[in-house]
Each structure stands twice: as structure tokens, then as C-alpha cells.
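Notes for the one structure printed next.
The values are calculated or read from the model by the stated rules, or taken from the named source; none is laboratory data. A quick note: this is a predicted structure, and the numbers were derived from the prediction, not measured. Cβ placement follows ideal geometry from the backbone for every residue including glycine, while neighbour counts extend to all protein chains displayed. SASA here: full protein model, heavy atoms, side chains in, ligands and nucleic acids out. Shrake-Rupley method; radii C 1.70, N 1.55, O 1.52, S 1.80 Å.
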Amino acid sequence: MSAHSKGSAYPTSHRGTDSIHPLNTPLPIVDGVGPSSLWLPAGDWKTVLDFLVHQFPAVDKDTWSRRMTRGEVVDESGIRLTLSTTYRAGACIFYYREVGLESRIPFDEEILYEDEHILVVDKPHFLPVIPAGQFLRETLLVRLRQRGQPDSLVPIHRLDRETAGVMVFSIDAGTRGEYTSLFQHRKVEKVYEAYARTAADLVLPTVRRSRIVTGEPFFRMKEIDGEPNTETRIEKIRDVANDVTLYRLMPLTGKKHQLRIHMSGLGVPVVNDRLYPTLSGAADGFDRPLKLLARSIAFRDPVTGEERYFESQREL
């Protein structure tokens, strides 16, 4: 279903973070792609160019020199940085990131709802929400901008690349904080569905609480002893063929990979999960999507006061 009425800004993790706040950046959006930003750490580099060459060894000095000459590296005030600009710890720089030829991710997003404040999209598996790493143009944010959505478009919650389903964006910067606060203060009801192994000894429904922190490698998370910082309610929907069960997952918190880790911790990892419980070397083939779907999101609209409900039309 699309919307109907019943009456932190999105985090990024990139050594040079792709900006999702285009109205606050000194470089414009180009073909749907915004500039990346980077805070300069303490260090003894003589120039900004010296730091960039050190920070990004895959990009040679000549490439950075050409970018600077074209005016594509600026500071937070929009001042162009030159080959001799002195390094200043604590400054924020903006630049355009370049990625090699990207193969198209062969799945399409669907718009579920749009008004002057928000855009709600049904995201396919494999498509990242924002540019990061090897993904730049083949991301949901850039695709939507290229389809005519405004440069002010910003995702207001997290959804992993491997996960499909409902994703909410802010359009209007003036009301963005009101929608973002819904997620920050847990005033949003999120329901996921997942296929995982049938476990006869698992008593359902159950609530999984644990402490999740960054693991190794850096893109994985892990559970450790300590005060819980995550909570998920898990219910059984129905058993299906081949010793597989369809589960309903309702997270109270929103840690990275929380649902995948909680299912793995219960001994029923999500089907086709390449990260949990162990890191798989298998290829990330389009024929083996992670069987995890953000089925629905519901909340009271902070601007209109209406009860909003958005549901994915996808099937696992």
C-alpha cells in the first residue's frame, strides 16, 4: 500500500563523507551527485594537497592537482583550495568524489508517497541509499535526484544496501528536524519480515536485547557483554517449505545490522546473510538477495497530525 491516513539525519561512514545536506555545502549538486566532505584531523602535513595524497592513496597527486585547478576542492566558506593551501586542522573541505564505471544495479525503486515535506520509496535489494565506497551514481538518493526530485532530498533513517523495503526521505529543510526527531525519539513503528531457519526450540514471540558495537572488519558489528543498547521483538508469521520460517521483526532501536545480528544470535540467521554469523567469501550475486524486508513504517505526521502508514509492495 502507499500512504493512507488513519485520521539523526542519516548517518554515513566514508573516509570522505558524501554530503547529504546539499543546502549546506559550498559546492553544487551535479547530475544528482553531491560533494563529499572531510574534517581535517590534527597532523603535521604542510599543505592540504599533502594530506589528501596521504589520506587517499588510491588517488594520485596529479589527480588531486587537477581537481584543485578546476576549483573542485573548497573549504567550508567556499574558498577554492590551491596546490599550496596551508594545512589547517579542524577545517572542513568539500570535493567531488570520482568512481570508475559503475554497473547498473538491475532493480528499480518505486515511489509510494510524496507531499511537500516527505518522499517515501520502496527500495530494492542491493541498492545503497547514499553514495559510499564503490557506489556513487547507483544509489537511491542519486537515482531519485536524477528522476527530478529536488537537491534538498535527504534520507532521515537507515536502511542497509542488502535490505529492501520502505525508506523515508525529507524534502523540505524547514520541516526536516520534525521528521528526523520521530526516529531519534523512537516514535516510529517499524516492521520487518525475514526468512530464516525454522527453530523448533525457539520460543516465540521473544525479545532480544543486547549490546552491539563495531566489530572486525570495520563493516561488521558484534554483540558483547554489557548494558543492552538494542532491542528487537521477534514473532513467527508462518512456516514455509524446506525448513524455513517467515519471521516478523519489530526493532525498538536502530543500530546498524541490529536485526541480522539478533537473528544470528538466536541461532536463526537471515537467509543469504553473508556477514552473520560468519563472514562469507561468496560472491554478492543478484540471485541471492538477503531475505530481509522493511515491510512497513507508521507514525503520526508531526506537521499534519495525521496517522501515516507506508507498506512495501515487495515480496521476499
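Some points to look at:
- Of (1) 66, 45, 39; (2) 50, 47, 43; (3) 72, 39, 31, the label for Cα extents along the principal axes in Å derived from the coordinates: (1)
- Considering region 61-210, its Cα convex hull presents a mean projected area of 14.0 nm².
- Extending 7 Å from the Cα toward the beta-carbon at both residue 244 and residue 256 defines two label points whose distance is 2.8 nm.
- Centroid-to-centroid separation of region 35-77 and region 164-233 [C-alpha atoms, Å]: 36
- Stretchable slack from residue 116 to residue 60, in nm (0.36 nm times residue separation minus alpha-carbon distance): 15.8 nm
- With both labels modelled 7 Å from their Cα along Cα-to-Cβ, the residue 216 to residue 99 distance reads 2.9 nm.
- Cα→Cβ-extended label distance, 7 Å offset, between residue 201 and residue 89, nm: 5.4
- The local environment of residue 117, defined by Cβ-Cβ distances under 14 Å, has a net charge of -4 under the rule Lys, Arg +1 and Asp, Glu -1.
- Here the dipole of region 159-314 is about 120 debye; that uses its Cα centre as origin and unit charges on the Cβ of Lys and Arg (positive) and Asp and Glu (negative).
- Per-selection Kirkwood Rh - region 184-316 (Cα, Å, 1 d.p.): 15.9
- Bridging of residue 255 to lysines at a Cα separation below 23 Å is possible for 123, 187, 190, 222, 236, 291, once same-chain residues fewer than 8 apart are set aside.
- Protein heavy-atom accessible surface, 1.4 Å probe, per residue over region 188-296: 52 Å².
- Surface share of carbon and sulfur [accessible, 1.4 angstrom probe, percent] for the chain: 49
- Dimensionless Rg over Rh [region 150-201; C-alpha; Kirkwood]: 1.13
- Toward the positive end of the charge dipole of the chain, with +1 on the Cβ of Lys and Arg and -1 on the Cβ of Asp and Glu, the farthest Cα among 309, 269, 254 is that of 269.
- Counting only residues at least eight positions apart within a chain, or on another chain, the lysines with an alpha carbon under 21 Å from that of residue 46 are 61.
- Computed from point charges on the beta carbon alone (+1 for Lys and Arg, -1 for Asp and Glu), the dipole magnitude for the chain about its Cα centre is near 500 Debye.
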